[in-house]
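**Q** Can you keep this structure in mind? I'll have questions shortly.
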Amino acid sequence: MIGQRDRPAERVAEHHGAGRGMQRIGYPIGICRTTVARRELVTPRMLRLTLTGDELAGFHSYVADDHVKIVFPHADGTRTDPVPNDQQLLDWPKPLPPTRTYTIRRVDLAAREVDLDFVLHSGGLAGDWAEAAAIGDPAVIAGPPGAKAFAHTHRHYVLAVDVTGLPAVARWLDEADWLEAAGATAQVLVEHDHEDETGYPLQQRAGVEVRWLSRAEGSQLGAQVRALDVPDDTFVFGAGEAEDLKDVRRWVAQRDLPASITGYWKRGVAGLDD
Ligand SMILES: Cc1cc2nc3c(=O)[nH]c(=O)nc-3n(C[C@H](O)[C@H](O)[C@H](O)COP(=O)(O)OP(=O)(O)OC[C@H]3O[C@@H](n4cnc5c(N)ncnc54)[C@H](O)[C@@H]3O)c2cc1C
């Protein structure tokens, strides 16, 4: 019998190739003690940290929006990191250490590296940590817990995100050779608060249209998604500020479209979901 978390790469590939819609596929969940190897400002407001360490040898990541929790010390500076158990899960200590969730923008197992891209905003535990992080600083990452794999069998894809969803969209485009081969198309809508965020590099692909939307006068994401003319066989990926995604969720429900929509953060709330 195949355990719930066995063969994750194969099960993701099977769903990508022959499935429909989104399927959750669990990974063996581990913890990696890494250090910061490189820092790069991808845009003036998006900082990439490359993390490295031998514990990344057994890291699992097979889909574009895979994410990890960065585990931070408690307020008094002490560490209580989660511990892997024999169920391929983590036992978390009580009280829980502070954590924040970030997308695996790139993984290179041979080099034992992962990239995380941080939106720089003031007053956040993770954002401020990343901004101050020096080469050689420790970074403990837990996960990813598993894939929300969405099939490669749809005719059209809509990716509606704000800048926190850019790492997932960028990785999806990097890994989307199948898209052109399948003759599928995609519309990417990215909402941003600052013009210089539009410099974030996205791989260009035939059949993929990218539009940048300014949030200066309030979120337009829902209205712009509603105005799209999409075929019935459309899959929708949404990620960003939780309130701004509500209208996208309503449209998806009305159209009865397969979707994976996740509030990545919420205005005024620290550590949403962490
Ligand atoms: C599955 C998943 C994947 C994610 N991937 C990424 C990623 O790759 N890159 C990324 O930057 N974020 C990503 N996020 C969002 C990130 O986890 C949150 O933005 C998180 O709150 C940041 O933590 P913080 O400690 O910096 O701020 P917090 O301490 O959580 O929040 C402090 C204050 O800052 C505000 N705030 C939080 N995030 C933002 C923001 N982006 N812009 C403006 N204000 C903000 C909060 O509303 C709060 O008022 C992801 C979230 C999820 C659930």
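**Q** What's the Kirkwood radius of the range 154-265 in Å, using all Cα pairs? The partial results should precede the final answer.
**A** Details: mean 1/r = 0.0713 Å⁻¹.
Computed over Cα pairs of the range 154-265, the Kirkwood hydrodynamic radius comes out at 14.0 Å.
**Q** Can I ask one more? Alpha carbon centre of the range 225-273 versus the range 178-199: separation in Å?
**A** 15 Å
**Q** For the peptides 232-241, 83-92, what is the packing order when you average, over each peptide's residues, the other Cβ atoms within 10 Å and list the highest mean first?
**A** Details: 232-241: 21.5, 83-92: 12.7.
Ranking, from highest mean packing down: 232-241, 83-92.
**Q** Roughly what % antiparallel, to the nearest 5, for the DSSP beta bridges in the chain? Provide the component values of the computation, followed by the final result.
**A** Details: 38 of 64 bridges.
Rounded to the nearest five, the antiparallel share is 60 percent.
**Q** Can I ask one more? Once the Cα gyration tensor of the chain is diagonalised, what are the square roots of 5 times its eigenvalues, in whole Å and ordered largest first, as equivalent ellipsoid semi-axes?
**A** Details: eigenvalues 172, 108, 61 Å².
Each semi-axis is √(5λ); the values are 29, 23, 17 Å.
**Q** Now a separate question. Over the range 8-146, what is the mean sequence separation of C-alpha contacts under 8 Å (at least six apart), divided by residue count, expressed as relative contact order in percent?
**A** Values: 269 pairs, mean separation 50.4, N = 139.
Result for the range 8-146 is 36 percent.
**Q** Give me P(r) over the range 8-146, computed from all C-alpha to C-alpha distances, binned every 10 Å, as integer percentages.
**A** With a bin width of 10 Å, the distribution comes to 11, 40, 34, 13, 1.
**Q** Of the trypsin sites (Lys or Arg not before Pro) in the range 29-132, which ones lie in a loop per DSSP and count no more than 15 other C-beta atoms within 10 Å?
**A** On the way: sites: Arg33, Arg38, Arg39, Arg45, Arg48, Lys69, Arg79, Arg100, Arg105, Arg106, Arg112; in loops: Arg45, Arg79, Arg105, Arg112.
Those satisfying the criteria are Arg79.
Quick note: the coordinates plus some simple rules give every number you see, no bench work behind them. Owing to the predicted nature of the structure, the values given are computational and were not obtained by experimental measurement. With ideal geometry, Cβ positions are generated from the backbone for all residues, glycine too; neighbour counts draw on all protein chains shown.
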